[in-house]
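First comes the structure, then the notes that go with it.
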């Protein structure tokens, strides 16, 4: 196989990989914010209907549209405000919190953030050199309470 043919194939593979990854990367935060909204409402006992989903998705760009959709779906005003606030906030993860605070992702941080228990999370993050203050916050973001 000639060198120019190899380069062309590698270029096509790179373009295909970017084309496949870009929608996934750009959709993730928005979907996570809507999921936070839906999770809050489910925890409060609401059925996650199409109207609730529409409201949570609208909340990513418009607080008032979120409230309007959720109100039409029968969600109480108090819960509308909390759910729409969740939908409008960027989702913080254990890894993003640590990265924002100067701790680059490494194997111990990834394991800690993905561990099934709060104490195990703390242990991994301690071994990664994360301060006790940041350990507690990061493990809370990871969902281990």
Inset, instruction - Give 69, 134 a once-over and let me know the one that is buried (at least 18 other Cβ atoms within 10 Å of the Cβ) and modelled with pLDDT of 90 or more. - result: 69
Legend entry - Meets criteria (surrounded by 13 or more Cβ atoms within 10 Å (Cβ to Cβ) and either in contact (Cβ under 8 Å) with a residue 40 or more places away in the chain or in contact with a helix residue (DSSP H, G or I) (Cβ under 6 Å, 6 or more places away or on another chain) (or both)) for residue 115: yes
Inset, instruction - Go through (1) at pLDDT below 90; (2) under 15 Å from the mean Cα position of the chain (by Cα) one by one and return the number of the condition residue 113 breaks. - result: (1)
Inset, instruction - Might you let me know whether region 40-48 holds any residue that is without any contact (Cβ under 8 Å) to a residue 12 or more places away in the chain, in the same structural domain as residue 136 (by TED's automatic domain parsing), part of a helix (DSSP H, G or I) and closer than 24 Å to residue 137 by Cα? - result: no
Inset, instruction - Answer yes or no: is there a residue in region 77-99 that is crowded, with 20+ Cβ neighbours inside 10 Å, assigned by TED's automatic domain parsing to the domain that holds residue 36, over 19 Å from the mean Cα position of the chain (by Cα) and at pLDDT 95 or above. - result: no
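The values are calculated or read from the model by the stated rules, or taken from the named source; none is laboratory data. The structure displayed is predicted, hence computed values, not measured ones. Glycine gets a Cβ as well: all are built from the backbone with ideal geometry, and neighbour counts include every protein chain shown.
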